[in-house]
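A short write-up of the structure that comes next.
The values are calculated or read from the model by the stated rules, or taken from the named source; none is laboratory data. This is a predicted model, so every value here is computed, not measured. We place every Cβ from the backbone using ideal geometry, glycine too, and count neighbours over all the protein chains shown.
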Amino acid sequence: MERMLPRGIVREDVTGSLAEEFVERVDVHGVGAARRWYRWQAAGVAAHGALGRVHGFTRGEGMRMLGADLKYAWRAMRRTPAPYLIASLTIALGVGANAAMFSVVNGVILAPLSYPDADRIVRVWPEKRWSVEMESAVVDGTTSFERFGTMMDGSLTLLGEGEPEVVQSRQVTAGWMEVLGGLPHLGRTFRPGDDFHEEGPVVVLSYDYWANRFGADPMVIGRTLDLSGYGVESRTVVGVMRADFTPVNGDPSLWVPLVKDPDVPGYRGSYGGTALAVLGPGVSHEQAIGDMRRLIPSMQDTYATQFREIRHSPVDVVGLKDSVIRETRAPVLVLFGAVTFVLLIACTNVANLLLARTTARRKEVGLRIALGAERGRIFRQMLTESGLLAVLGGAAGVAVAYLVMPVLRSQLSTHLPRADLIVLDVRVLIYALLVSLLAGIVFGVAPGLRAANSPPGSVLNEHARGSVAGRRTGRLNNALVVSEIALSLVLVVGAALMLKSLVRLGHVDTGMNIEGVASLDLLLPAGTYEDLGSRQALFSQLSDRVATVPGVEDVTFSNLVPMGGSWSGIPYAIEGQDSGAESLVAGYQVVTPAFFDVFEIPLVAGRLLLPTDVAEGEAVALVDRGFAERHWSAGSALGQVIVSAQNGSPIARVVGVVEGTRFAGVEEPPRPTMYFPADQNFWFVRHILVRTAGTDPLGVLAAVSDVIHEVGPNLALRNPATMEATVANAAGDRRFFARLMGAFAALALFLGVVGVYGVMSYAVGQRTREIGVRLALGATSGTVLVETLRRGMAPVAVGVAVGLAAAIAGGGVLDALLYEVDAADPLVLVGVSGLLLVTGLVAIVVPARRAMLLTPVTALRSE
Amino acid sequence: MGERAFLGEFEQMVLLAVLQSGDVAFGPAISAELEVRAGRQVSRGALYATLDRLEKKGLLHWEIEAASSRSRGNRRRRFSVTEKGREELLDARRAFDNLWAGLDDLAGRTVG
């Protein structure tokens, strides 16, 4: 700071007297306060000193000068509004898109989670492997966690309130609610006793569910609801959460306790829970992981099953926010980068526009210089003008962002977590202001320097377009074209790569034919169909009745909807084979025999499942080709026995091998899979799948629903969907991001073409006189055209090269968004380069044609 | 330009504070005067900028005092008001007095 002051006695005096008073203040106020005072004063001195030294005037005068500059700029804009209007609109477009996207970054990535101690909340890996016993072991055996909780997904059926309703619910331990620190609107949340049903089974409602289903009735507390599920048939309402409570993972309508005691009904010993914890103050993730690792050996024996899995999915601790936005960060940042490119292109366009204005105003500027205006003053004046332009454009941009915000939010809410946090708040406004000002500087500096550096003599003498100035102009124009082309190319390449990923995904061979197949979730209320026999009877009755519905060709039941985003794997071993340390996991599908007809999955060896594979018969299974080849050849798989990974007891004998499918999802590689007959495993069946004829699968499904309700009036049905929609949904995010990227790329390309056109028109305008002279000296219009095209295309080609280099170098950023497409995909790179060259050519041809059509007379008269 | 403009309020205060500080009119003393008599907390930056401006206008003058132990071995500037500075101060005061003449009532009411 001192260095900013003039040298010599003044600096000595100022620092000396500050030092002197510092010493006095130490005695009176203490060292800390004195130091703060000194820093504050020194900063003030530096600021005043810097202002005074650079500009040679004080702040008051500076403000007056700024006012004058602003007035002058405003007058200049009023005089010829058209170019400024276009410039403002361009900036509005760039800043608007940028501000809108920043609000997404701000809300989704930057904003903290809305929980108390949010920065200390962590998810404890392995995900979906926790049980309540493990929670107890961790709480007793570690010191890193202040609070710890477990949650399992699920749904309950609400009866006795009209139509049976399937309700999204979460089973949670009391610790889970403590971790999130949620407060009740009415009544209470869970307490440790609830984990043992001390007061009988209880339930806490979400605010929305309470408001929508129970009319916000405060008397709901204490009521008993016929909520069947988790081994219990009714529950007492003890609380309603507050409206602002944000659950983790989706939006359940209610919460019920996750029972910790095996003797209490509703106990769910199986592991499949998600664990959440609050780290103690100052505890690092590494410490917590170390703590967990120390605990695991002592738990190995007790929870052998869980830890057999844990061995292969290491313990980890991940910040809750990081885990929430894990999948989102990459696409959002890429899109934000894309709009920033759009903004830069907009800036380039405006810079070019202002350059043209500067040329048009060179007489005015020359006059001012000749009359003694300082060059710094001229520069300031030009920069004020572009600053004003930027702020006006930026304000319009914020208005644009404000208008698109609701659309953006509703579009994004299905594809992004935390979309409700996307708002135009103060941070976004400040960001928009800064970006506008920065943009103003970016596009204002070049014209400003150009104006300030015009030699007074040559400007006033308007024919003296010196060769030096001309060359400088040319270089600046070329630089603008190069950057516009390069920036557009990078964006278009990005969009093209994402598009190609989509095309790739559309052509993936999933191994099954989903055309005309539709699915429906089927839930049996607790307390009904309790034994395998009655279930079997129900499903065979359903199967017979549904098959008679017009339009139904085939019907099957399964535990999962293929490619629906969920996949179930179980550990297993092969009789007579030593799996060694490796823990084998394969897909676990429970299906009825018609499954392979419905999805047209071909048989490779042996036989398919048969109606005779019933509970009383031998336990059998099919495996897919991938599974068979993991252990044997496809042919010799028959007769082998799949056994339990824990104790080696037999599970089923392999009787057939089918082709592999992408059951886990289109984007997932095929995984080894086992198929078990539903008749032997009806507990797990949750979905009904029908192959329909005709064009209206959902209509057929409605008829199917009616028939199902005739068979079992208390069966709850949910999520009717065609398989095509299910698969499209799974790729929905990808398609959405690709579409946004495509929109940005199109905008960039449009602005880029307009910009290149502008630069070229300007350049041709500049050379009108030169062209006139050459035409007069005998050049043909053909040579003029070729020459103009050559001059115009050179920077376009350089831009393409620069853009290609940038696209290849930065391609890694896109990896997370691509599917089996290399970021440096040659076809895309070549195709987009060609596209850019052609667009560049189109932008150049129009002004070049104008040059060609010039006659010497008009050309020379123009000056 | 601006030769005939009256002194700004803060400029007057600084000049008066320099006069009040007498022969110890160094930076810290001037700032202390402003604080005690006028109740104005002034950042050093603003103060030095004003002092320099007044010096340029010829209303202030400074001389160098040799380094002493109190100033931690730095040479210091001692400020004094020039004849022109005194005149401008008096001009300003006369102008104010003229404007205030006959308005003692207002002053009385405001205070009362």
Next item on the list: Go through the range A:143-172 and give me each residue that's surrounded by fewer than 18 Cβ atoms within 10 Å (Cβ to Cβ) and modelled with pLDDT of 80 or more.
Entry: A:THR143, A:GLU146, A:GLN168
Next item on the list: With the checklist (1) among the charged types (D, E, K, R); (2) assigned by TED's automatic domain parsing to the domain that holds A:GLY656; (3) more than 29 Å from A:PRO713 (Cα to Cα) in hand, flag the one item A:ASP544 doesn't pass.
Entry: (3)
Margin query: Looking only at strands (runs of 3 or more DSSP E) that lie completely in the range A:61-180, which have at least 2 residues being of a type in the set (Gly, Ala, Ser)?
Written below: A:145-159
Item checked: Hits in the range A:827-853 (condition: exposed (fewer than 12 other Cβ atoms within 10 Å of the Cβ) and either at pLDDT 90 or above or of a type in the set (Lys, Arg) (or both)) -> A:LEU827, A:VAL830, A:GLY834, A:VAL838
Next item on the list: Kindly indicate which of A:ALA419, A:ALA401, A:ALA390 is over 23 Å from A:PRO112 (Cα atoms) and in contact (Cβ under 8 Å) with a residue 40 or more places away in the chain.
Entry: A:ALA390
Note to self: So in the range A:174-199, with the set limited to residues that are in contact with a strand residue (DSSP E or B) (Cβ under 6 Å, 6 or more places away or on another chain) and within 22 Å of A:GLU233 (Cβ to Cβ), which one is surrounded by the fewest Cβ atoms within 10 Å (Cβ to Cβ)?
What the structure shows: A:GLY187
Next item on the list: Could you run through the range A:89-125 and say how many residues are touching a strand residue (DSSP E or B) at 6+ places or on another chain (Cβ under 8 Å) and surrounded by fewer than 18 Cβ atoms within 10 Å (Cβ to Cβ)?
Entry: 2
Check: What residue, of A:LEU638, A:LEU622, is in contact (Cβ under 8 Å) with a residue 24 or more places away in the chain, surrounded by 22 or more Cβ atoms within 10 Å (Cβ to Cβ) and not hydroxyl-bearing (Ser, Thr, Tyr)?
Finding: A:LEU622
Checklist line | So A:VAL124, is it among the β-branched types (Val, Ile, Thr), under 29 Å from A:LEU523 (Cα atoms) and either at pLDDT 85 or above or in contact with a helix residue (DSSP H, G or I) (Cβ under 9 Å, 6 or more places away or on another chain) (or both) | finding: no
Next item on the list: Mind telling me which of the residues A:ILE514, A:ILE485 ends up being in contact with a helix residue (DSSP H, G or I) (Cβ under 6 Å, 6 or more places away or on another chain), outside any helix (DSSP H, G or I) and modelled with pLDDT of 80 or more?
Entry: A:ILE514
Check: When you scan the range A:562-615 for strands (runs of 3 or more DSSP E) that lie fully inside it, which ones turn up with 1 or more residues that are polar (S, T, N, Q)?
Finding: A:584-591
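A quick yes/no check of all residues on (1) under 23 Å from A:VAL339 (Cα atoms); (2) without any contact (Cβ under 8 Å) to a residue 12 or more places away in the chain; (3) among the hydrophobic types (A, V, I, L, M, F, W, C):
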{"residue": "A:ALA763", "(1), (2), (3)": "no, no, yes"}
{"residue": "A:ARG767", "(1), (2), (3)": "no, no, no"}
{"residue": "A:LEU775", "(1), (2), (3)": "no, no, yes"}
{"residue": "A:GLU787", "(1), (2), (3)": "no, yes, no"}
{"residue": "A:ALA794", "(1), (2), (3)": "no, no, yes"}
{"residue": "A:ALA797", "(1), (2), (3)": "no, no, yes"}
{"residue": "A:GLY831", "(1), (2), (3)": "yes, no, no"}
{"residue": "A:LEU835", "(1), (2), (3)": "yes, no, yes"}
Next item on the list: Residue by residue through the range A:336-374, note down the ones that are of a type in the set (A, V, I, L, M), farther than 30 Å from A:ALA738 by Cβ and in contact with a helix residue (DSSP H, G or I) (Cβ under 8 Å, 6 or more places away or on another chain).
Entry: A:ALA351, A:LEU353, A:LEU354, A:LEU355, A:ALA356, A:VAL365, A:LEU367, A:ILE369, A:ALA370
Notebook entry, point to check: Counting only residues that are farther than 20 Å from A:VAL585 by Cβ and assigned to a helix (DSSP H, G or I), which one in the range A:616-648 is modelled with the lowest pLDDT?
Noted result: A:GLY635
Next item on the list: Only one of these is of a type in the set (Val, Ile, Thr), over 22 Å from A:ALA68 (Cβ atoms) and at pLDDT 80 or above: A:ILE378, A:ILE345. Name it.
Entry: A:ILE345
Item checked: Residues being in contact with a Ser or Thr (Cβ under 9 Å, 6 or more places away or on another chain) and surrounded by fewer than 17 Cβ atoms within 10 Å (Cβ to Cβ) - total across the range A:222-242 -> 6
Next item on the list: Please enumerate the residues belonging to the range A:539-557 that are among the acidic types (Asp, Glu) and free of Cβ contacts under 8 Å to residues at least 12 places away in the same chain.
Entry: A:ASP544
